[in-house]
Protein chains: 2
Amino acid sequence: MSQAAPISPDWIAVDWGTSNLRAFAMDAGGTVLGEATSDKGMSSLAPNEFEPVLRALIADWTVPNPCTVIACGMVGSRQGWQEAPYRGVPCSAKSDAPVRVSNVGDDLHVWLISGIKQPDPADVMRGEETQIAGFLALNPDWDGVLCLPGTHCKWVHVSAGEIVSFRTFMTGELFDAISTGTVLRHSLNGTDMDESAFLNAASETLSRPEKFTTNLFSLRAADLLNGQSAATARAKLSGALIGMELAAAKPYWLGQNVALIGSSTLCTLYQQALAQQGVDATLSDAASVTRAGLCATYKALTGKS
Amino acid sequence: MSQAAPISPDWIAVDWGTSNLRAFAMDAGGTVLGEATSDKGMSSLAPNEFEPVLRALIADWTVPNPCTVIACGMVGSRQGWQEAPYRGVPCSAKSDAPVRVSNVGDDLHVWLISGIKQPDPADVMRGEETQIAGFLALNPDWDGVLCLPGTHCKWVHVSAGEIVSFRTFMTGELFDAISTGTVLRHSLNGTDMDESAFLNAASETLSRPEKFTTNLFSLRAADLLNGQSAATARAKLSGALIGMELAAAKPYWLGQNVALIGSSTLCTLYQQALAQQGVDATLSDAASVTRAGLCATYKALTGKS
């Protein structure tokens, strides 16, 4: 076994979601020196388990004492390590006032980034605020609408460095629940996707969103009667869900400057569906902007710019 | 233990669905002499298991030899005992040409009622055709639209004794998948339902169906931010799903004679939502019309009227 060079970060950036944990060994300038991941997400941990899980994950790194840790995601929810209360919109898009975790050994200074809430329509985000802050750190003075596809897709109106309003769509979670928990599971297996079927379904649902639940059953019937392929059925389900989302999010994207943040596969679907409506959206990788957001918070906290 | 009078049916009516089996000991005039139920639904059985399961279920009854058995439901699907091919719309609403099961002992004459298919929009039903036939046997010369709420709700246009067209909505199955398989499970527990929240959600979704997936997430956010009750959240989910269904089914119910067939709890919700749109729908119990449908097939088969 070869001896790897020791990893000696200046601080640690953490993305701690519902089902996964990812820690980055960072230098003060924002370079990633190392990475460690775990499946010990927030939902599997009691409050007193977060500290030992984090210590075990970074045990191989040579960290300063005290070591600054900045974490975003569900780790800061009421069911997480400690609640980092929501900030309310409208609010600064910068996450420069994280909440310090109490009851941690003196050698670790752990900070949690707050989520953001909106009273009406009732809505919340936790984790995406860090991606938004990171995107703006990478694209200063950017104004427009951010779309963050995923389990709970967010549309966020950003103006003059503030988050003005946002809406969440359960698009990704509905895709999973419908494709695994209903009779459609028999007709949707696999991962292939037929692009033209996707675009047709997105555009049809955008104009006739009310037909969603009946179009769903047609996916099953078209399989039984005509042997419709799973790739076509998956594309139609995805198109219907994204089409319904675009129908409701129209005030967000129509005539706006739109940027997508997320996985490239999923963002490409949104990009194609938006292009069909005449909107050219840019793409940014979620992991990069998350790290940029954690770095921005670190800089704000330590006064290093 | 008292000695019960022996049950001696003239024939046996069977409702054999995906997850349940229900057999009725019938006299020739259509009176129910006894009932036996089992959780051995179609989905848990291989083709060669249907006969022994049925024999075991009716073992206590003294049946004629040969004994006529008439069955409806998923028992006649491709994954069932034997496929009873779909009839295509437009077709008679009577199910008077069931399919005889081959390879059964001579003492049982088992007949399966065919489902109905529609090529465009692609749609199928299996089991509901028997309820429709039963409803028309109980209400001769009835014209109008039947709505059969349930896992897969059907809207059926009936005219001059024919099924003209129909559409299926995955309303019930979506309610189950969303309330158990998504983050909303934390906000929807229990069985209570707030009637005014239901009616508001139904009417709002009927006018703005595209907001469905974003309104869903608001149910979670309203719980986190305002402690919204589960009874309100359940009512809003149910109202949103039924409202979206009514939006798409409008050509079926607008200005039509509408009859609901199903469980009284669920049918009452549809009745209230329809009343809000100015439609007075009647209610019929699903079990009664199913038996009436099986009786009608028996009479057609045996020439007894």
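The values are calculated or read from the model by the stated rules, or taken from the named source; none is laboratory data. Treat the numbers as computed from the prediction; the structure is a model and nothing was measured. FYI the Cβ positions are ideal-geometry reconstructions off the backbone, even for glycines, and counts take in every protein chain you see.
In this structure, does residue B:100 turn out to be under 17 Å from residue B:302 (Cβ atoms) and either free of Cβ contacts under 8 Å to residues at least 60 places away in the same chain or touching a strand residue (DSSP E or B) at 6+ places or on another chain (Cβ under 8 Å) (or both)?
Details: under 17 Å from residue B:302 (Cβ atoms): yes; either free of Cβ contacts under 8 Å to residues at least 60 places away in the same chain or touching a strand residue (DSSP E or B) at 6+ places or on another chain (Cβ under 8 Å) (or both): yes.
Yes; evaluated as a whole, the condition is true for this residue.
Could you please give the count of residues in region A:129-155 that are in contact with a helix residue (DSSP H, G or I) (Cβ under 9 Å, 6 or more places away or on another chain) and free of Cβ contacts under 8 Å to residues at least 40 places away in the same chain?
Count: 3.
State all residues of region A:221-236 that are farther than 29 Å from residue B:203 by Cβ, more than 7 Å from every other protein chain (Cβ to nearest Cβ), assigned to a helix (DSSP H, G or I) and not polar (S, T, N, Q); if no residue qualifies, say none.
Passing the criteria: A:223, A:230, A:231, A:233, A:234, A:235.
Being closer than 18 Å to residue A:221 by Cβ and without any contact (Cβ under 8 Å) to a residue 40 or more places away in the chain is the filter here; which residues of region A:179-202 pass it?
If the condition is that a residue be closer than 18 Å to residue A:221 by Cβ and without any contact (Cβ under 8 Å) to a residue 40 or more places away in the chain, then A:182, A:183, A:185, A:186, A:200 are the ones that fit.
State whether one or more residues within region B:279-290 are part of a helix (DSSP H, G or I), more than 22 Å from the chain's Cα centre (by Cα) and closer than 22 Å to residue A:213 by Cβ.
No, because not a single residue in region B:279-290 is part of a helix (DSSP H, G or I), more than 22 Å from the chain's Cα centre (by Cα) and closer than 22 Å to residue A:213 by Cβ.
Looking at region B:24-63 only, could you name the residues that are among the small types (Gly, Ala, Ser) and either touching a residue at least 40 places away in the same chain (Cβ under 8 Å) or touching a strand residue (DSSP E or B) at 6+ places or on another chain (Cβ under 7 Å) (or both)?
Step one: list which residues in region B:24-63 are among the small types (Gly, Ala, Ser), which gives B:25, B:28-30, B:34, B:36, B:38, B:41, B:43-44, B:46, B:56, B:59.
Hits for region B:24-63 are B:25, B:28, B:30, B:34, B:36, B:38, B:41.
Could you count how many residues in region A:107-139 are assigned to a helix (DSSP H, G or I) and under 14 Å from the mean Cα position of the chain (by Cα)? Before the answer, list the steps.
From region A:107-139, those assigned to a helix (DSSP H, G or I) are A:128-138; that's our starting set.
Retained after the next criterion (residues that are under 14 Å from the mean Cα position of the chain (by Cα)): A:128-135.
Result for region A:107-139: 8.
Filter region B:221-243 down to residues that are surrounded by 19 or more Cβ atoms within 10 Å (Cβ to Cβ) and touching a strand residue (DSSP E or B) at 6+ places or on another chain (Cβ under 8 Å) and give me whichever is farthest from residue B:281 (Cα to Cα).
B:224
Can you find, within region A:249-273, the residue that is surrounded by the most Cβ atoms within 10 Å (Cβ to Cβ) among those that are within 11 Å of another protein chain (Cβ to nearest Cβ) and in contact with a Phe, Trp or Tyr (Cβ under 7 Å, 6 or more places away or on another chain)?
A:249
Inspect region A:57-68 for any residue being under 30 Å from residue A:162 (Cβ atoms), in the same structural domain as residue A:15 (by TED's automatic domain parsing) and outside any helix (DSSP H, G or I) and give the result as yes or no. Working first, answer last.
The initial filter retains those residues of region A:57-68 that are under 30 Å from residue A:162 (Cβ atoms), namely A:68.
Within this subset, residues satisfying the condition of being in the same structural domain as residue A:15 (by TED's automatic domain parsing) are A:68.
After this cut, where a residue has to be outside any helix (DSSP H, G or I) as well, the list is A:68.
Yes, there is a match, as at least one residue in region A:57-68 is under 30 Å from residue A:162 (Cβ atoms), in the same structural domain as residue A:15 (by TED's automatic domain parsing) and outside any helix (DSSP H, G or I).
Take region A:1-42 and flag every residue that is acidic (Asp, Glu) and either over 18 Å from residue A:297 (Cα atoms) or in a strand (DSSP E or B) (or both). Write out each step before concluding.
Of all residues in region A:1-42, those acidic (Asp, Glu) come to A:10, A:15, A:27, A:35, A:39.
Passing the criteria: A:15, A:35, A:39.
What's the number of the condition residue B:300 fails, among (1) closer than 21 Å to residue B:173 by Cβ; (2) in contact with an Asp or Glu (Cβ under 7 Å, 6 or more places away or on another chain)?
It fails just one condition, (1).
Identify, from the list A:212, A:175, A:198, the residue that is crowded, with 21+ Cβ neighbours inside 10 Å, on the phi < 0 side of the Ramachandran plot and within 11 Å of chain B (Cβ to nearest Cβ). Quick ask: steps written out before the conclusion?
Details: A:175 fails: crowded, with 21+ Cβ neighbours inside 10 Å; A:198 fails: within 11 Å of chain B (Cβ to nearest Cβ).
Checking each option against the conditions leaves just A:212.
Condition test on residue A:104, is it assigned to a loop (DSSP other than H, G, I, E, B), surrounded by 17 or more Cβ atoms within 10 Å (Cβ to Cβ) and of a type outside the set (Phe, Trp, Tyr)?
Here the answer is yes, as residue A:104 does meet what is asked.
Identify all residues within region A:158-172 that are touching a residue at least 40 places away in the same chain (Cβ under 8 Å) and within 14 Å of another protein chain (Cβ to nearest Cβ); write none if there are none.
Residues of region A:158-172 that are touching a residue at least 40 places away in the same chain (Cβ under 8 Å), as a first pass: A:158, A:161-169, A:171-172.
The answer is A:165, A:166, A:167, A:168, A:169, A:171, A:172.
From the list A:265, A:213, pick out the single residue that is assigned to a helix (DSSP H, G or I) and either farther than 30 Å from residue A:288 by Cα or aromatic (Phe, Trp, Tyr) (or both).
Numbers: A:265 fails: either farther than 30 Å from residue A:288 by Cα or aromatic (Phe, Trp, Tyr) (or both).
Selected residue: A:213, the only one of A:265, A:213 that is assigned to a helix (DSSP H, G or I) and either farther than 30 Å from residue A:288 by Cα or aromatic (Phe, Trp, Tyr) (or both).
Got at least one residue in region A:282-300 being touching a residue at least 40 places away in the same chain (Cβ under 8 Å), of a type outside the set (Val, Ile, Thr) and within 14 Å of another protein chain (Cβ to nearest Cβ)?
no
All but one of (1) crowded, with 19+ Cβ neighbours inside 10 Å; (2) not in a loop (DSSP other than H, G, I, E, B) hold for residue A:164, so report the exception by its number.
With (1) crowded, with 19+ Cβ neighbours inside 10 Å; (2) not in a loop (DSSP other than H, G, I, E, B) applied to residue A:164, the lone miss is (1).
Give the number of residues within region A:179-195 that are within 13 Å of another protein chain (Cβ to nearest Cβ) and assigned to a helix (DSSP H, G or I).
The total comes to 8.
Just to be sure before I move on: is residue A:243 touching a residue at least 40 places away in the same chain (Cβ under 8 Å) and either not in a strand (DSSP E or B) or not hydroxyl-bearing (Ser, Thr, Tyr) (or both) in the structure I sent?
Values: touching a residue at least 40 places away in the same chain (Cβ under 8 Å): yes; either not in a strand (DSSP E or B) or not hydroxyl-bearing (Ser, Thr, Tyr) (or both): yes.
Yes; evaluated as a whole, the condition is true for this residue.
Looking at region B:73-101, which of its residues are crowded, with 20+ Cβ neighbours inside 10 Å, in contact with an Asp or Glu (Cβ under 7 Å, 6 or more places away or on another chain) and closer than 20 Å to residue B:295 by Cβ?
B:73, B:76, B:93, B:95
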